[in-house]
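Just dropping this structure here.
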Amino acid sequence: MLNAVKNLLTRRQIIGSGMGILGVGMAGLVTRNSPAIAQPAYKPAKEPPIPDEKKLGWAVVGLGKFATQQIIPSFSQCKQSKLVALVSGDRAKAENYARQYNVNPKNIYNYENYDSLRNNPEVDIIYIVLPNGLHAEYTIRGAQAGKHILCEKPMANTVEECQAMIAACNQANRKLMIAYRAQYEPFNLEAIAIAQKKQLGQLKAIVADHGRNLDPKDPADIWRMNKKLAGGGSLFDIGIYSLQAARYITGEEPTEVCAMTYSTPNDPRFKEVEENVNFILRFPSGVLANCTSSYGYSSTKRFQVFGSNGTLELDPATDYYRHQLTVKREKVQEERQIQEQNQFALEMDHLSESVMQDRQPKTPGEEGLQDVRLMLAIYEAARTGRTISVDSRE
Ligand code: NDP
């Protein structure tokens, strides 16, 4: 088994994206430096970037693990977006990043003077990378300050918060996009195309699993154990990727959900939020999706699609840097060769382009609202032991 994995890795390294061994974070085989320093060597995109002065200016709110290790370094790969401002509760940290990424220190804000971003014409778009329970407040304040918003997933803790975010952006005539990076990532896009062009025949089933071991020593995991800040447990944080995969692969909205949860008794990590959720979604075409989400099993981020004429597997499906897509049809198995690209840069540029062209982004607030609605239905199904009917989007 290990040899098979090693062979696969070797093959991918040779024919793959030029990511090199640093891009392959398989524990025990290779090690990866901090991704902030070890950005993989992506193939340059075909079209040249627009001149710097024409790129839209972005403010990043919340300088935590994800913002500093993935998002901020990815601006260097953007063609239509540039980092111009930082918002943080920690001035010294913000000054450090401002120096590192050439942000003018006058463009450092905190949570109190955040609203004065309205007076800064350099900032067009605000990217909210705060704990989930703060997404609604900072999206609404950002829209009221006249800025377009990219908000991290999950959109918010409740349906009411999501609706208020959408209303605030509509009222201010600003775009609202939810940061569903997988929907901008080339391997996932290829999987969607294969499924929807019926290359696997009639879709029958999807299996999607997303989990990791929550680490109470990691500062980024502390708020994830707090219901008010996190909204939920593994489902809200990573099970949402399984839910998303089932929705974007079918291109349909589920009509029914059933679910079970389990949290290890007396595990202090799960006093407020759940550890495991297994859920089933029924789609109108008859596809059933079996999904798992866990804060207790080791890192897994994959999905499989089963059709009448073939199957596909994307594993990893939602990694930051590496993906592997295997398609099997009529006993022939093929590993798809696709160029890895910086999905964060693609995602941010999508919003910049949507703003410049005054178009609705591909993953607007309504997309985030739908997931929150479905995740709450999944919790209800688990709590009541019933299958819950879910209305299509209103
Ligand atoms: P972190 O805890 O690392 O970062 C959150 C940052 O928010 C903190 O560093 C802090 O920044 C700021 N903050 C403000 N108020 C609070 C508070 N009360 N408690 C904790 N932090 C606070 O979390 P992550 O970076 O992992 O996650 C942030 C968001 O990004 C979440 O919504 C998460 O779901 C999402 N995410 C998305 C990923 C994806 O792949 N799309 C991957 C990982 C996370 P400061 O000190 O600058 O004020």
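Would you say residue 199 is closer than 30 Å to residue 311 by Cα, part of a loop (DSSP other than H, G, I, E, B) and modelled with pLDDT of 95 or more? Talk me through it step by step, then tell me what you get.
Values: closer than 30 Å to residue 311 by Cα: yes; part of a loop (DSSP other than H, G, I, E, B): yes; modelled with pLDDT of 95 or more: yes.
Yes.
If you don't mind, another one. Which residues, taken from region 261-295, are more than 20 Å from residue 245 (Cα to Cα) and among the hydrophobic types (A, V, I, L, M, F, W, C)?
Within region 261-295, 270, 273 meet the criteria.
Here is a further query. When the residues of region 184-210 are narrowed to those that are surrounded by fewer than 22 Cβ atoms within 10 Å (Cβ to Cβ) and closer than 27 Å to residue 276 by Cα, which ends up farthest from the ligand (Cβ to nearest atom)?
Ranking the candidates gives 204 first.
Next up: Within region 224-240, can you find the residues that are within 9 Å of the ligand (Cβ to nearest atom), open to solvent by less than 50 Å² (accessible area, probe 1.4 Å) and not small (Gly, Ala, Ser)?
Hits for region 224-240 are 224, 236, 237, 238, 240.
For residues in region 139-159 being in a helix (DSSP H, G or I) and open to solvent by 20 Å² or more (accessible area, probe 1.4 Å), which is nearest to the ligand (Cβ to nearest atom)? Show your work before the answer.
So the first thing to find is which residues in region 139-159 are in a helix (DSSP H, G or I), and the list is 139-144, 159.
Filter once more, keeping what is open to solvent by 20 Å² or more (accessible area, probe 1.4 Å): 140-141, 144, 159.
On the way: 140: 16, 141: 13, 144: 19, 159: 17 Å.
That would be 141.
Can you name the residue in region 167-183 that is assigned to a helix (DSSP H, G or I) and within 19 Å of the chain's Cα centre (by Cα) and, of all such residues, is surrounded by the most Cβ atoms within 10 Å (Cβ to Cβ)? Reasoning before the result, please.
Pass one, region 167-183, residues assigned to a helix (DSSP H, G or I): 167-171, 181-183.
Adding the requirement that they be within 19 Å of the chain's Cα centre (by Cα) leaves 181-183.
Details: 181: 21, 182: 25, 183: 20.
Only one residue tops the list, namely 182.
If you check 272, 252, 334, which single one turns out to be assigned to a loop (DSSP other than H, G, I, E, B) and open to solvent by 60 Å² or more (accessible area, probe 1.4 Å)? Walk me through it before giving the result.
Values: 252 fails: open to solvent by 60 Å² or more (accessible area, probe 1.4 Å); 334 fails: assigned to a loop (DSSP other than H, G, I, E, B).
After applying the criteria, what remains is 272.
Also: Search region 92-103 for residues that are under 14 Å from residue 59 (Cβ atoms) and pair each with any residue that is of a type outside the set (A, V, I, L, M, F, W, C) and open to solvent by 60 Å² or more (accessible area, probe 1.4 Å) when their beta-carbon atoms are under 6 Å apart and the residues are at least 6 apart or on different chains.
Close Cβ pairs satisfying both conditions: 98/105.
Quick one: which strands (runs of 3 or more DSSP E) sit completely within region 56-136 and have at least 1 residues that are within 14 Å of the ligand (Cβ to nearest atom) and of a type in the set (Phe, Trp, Tyr)? Full working, then the answer.
On the way: elements: 56-61, 81-87, 125-128.
Correct list: 125-128.
Scan (1) open to solvent by 10 Å² or more (accessible area, probe 1.4 Å); (2) within 15 Å of the ligand (Cβ to nearest atom); (3) in a helix (DSSP H, G or I) for the single condition residue 162 breaks and write down its number.
It is condition (1) that residue 162 fails.
Turning to a different aspect of this structure: So, residue 262, is that one without any contact (Cβ under 8 Å) to a residue 40 or more places away in the chain and either open to solvent by 30 Å² or more (accessible area, probe 1.4 Å) or touching a His at 6+ places or on another chain (Cβ under 9 Å) (or both) or not?
On the way: without any contact (Cβ under 8 Å) to a residue 40 or more places away in the chain: yes; either open to solvent by 30 Å² or more (accessible area, probe 1.4 Å) or touching a His at 6+ places or on another chain (Cβ under 9 Å) (or both): yes.
Yes.
Restricting attention to region 290-299, does a residue exist that is in contact with a Ser or Thr (Cβ under 6 Å, 6 or more places away or on another chain) and open to solvent by 20 Å² or more (accessible area, probe 1.4 Å)?
Applying the first criterion (in contact with a Ser or Thr (Cβ under 6 Å, 6 or more places away or on another chain)) to region 290-299 yields 291, 293-295.
Restricting the remaining residues to those that are open to solvent by 20 Å² or more (accessible area, probe 1.4 Å) gives none.
Among the residues of region 290-299, not one is in contact with a Ser or Thr (Cβ under 6 Å, 6 or more places away or on another chain) and open to solvent by 20 Å² or more (accessible area, probe 1.4 Å), which makes the answer no.
Open to solvent by 70 Å² or more (accessible area, probe 1.4 Å), out of contact with any Lys or Arg (no Cβ under 7 Å at 6 or more places or on another chain) and modelled with pLDDT of 95 or more, is that true of residue 102? Break it down stepwise before answering.
Details: open to solvent by 70 Å² or more (accessible area, probe 1.4 Å): yes; out of contact with any Lys or Arg (no Cβ under 7 Å at 6 or more places or on another chain): yes; modelled with pLDDT of 95 or more: yes.
Spelling it out, residue 102 is indeed open to solvent by 70 Å² or more (accessible area, probe 1.4 Å), out of contact with any Lys or Arg (no Cβ under 7 Å at 6 or more places or on another chain) and modelled with pLDDT of 95 or more.
Hey, another quick one. Please specify each residue of region 377-394 satisfying the condition of being among the charged types (D, E, K, R) and either at pLDDT below 95 or within 16 Å of residue 273 (Cα to Cα) (or both).
Filtering region 377-394 for residues among the charged types (D, E, K, R) gives 380, 383, 386, 391, 393-394.
Those that are among the charged types (D, E, K, R) and either at pLDDT below 95 or within 16 Å of residue 273 (Cα to Cα) (or both): 380, 383, 391, 393, 394.
The values are calculated or read from the model by the stated rules, or taken from the named source; none is laboratory data. Keep in mind it's a predicted model, so treat the numbers as computed, not measured. A quick note on method: Cβ atoms are made from the backbone with ideal geometry, for glycine too, and the neighbour counts reach across all protein chains shown. Surface areas here come from the heavy atoms of the whole protein model, side chains and all, with no ligands, DNA or RNA. Shrake-Rupley method; radii C 1.70, N 1.55, O 1.52, S 1.80 Å.
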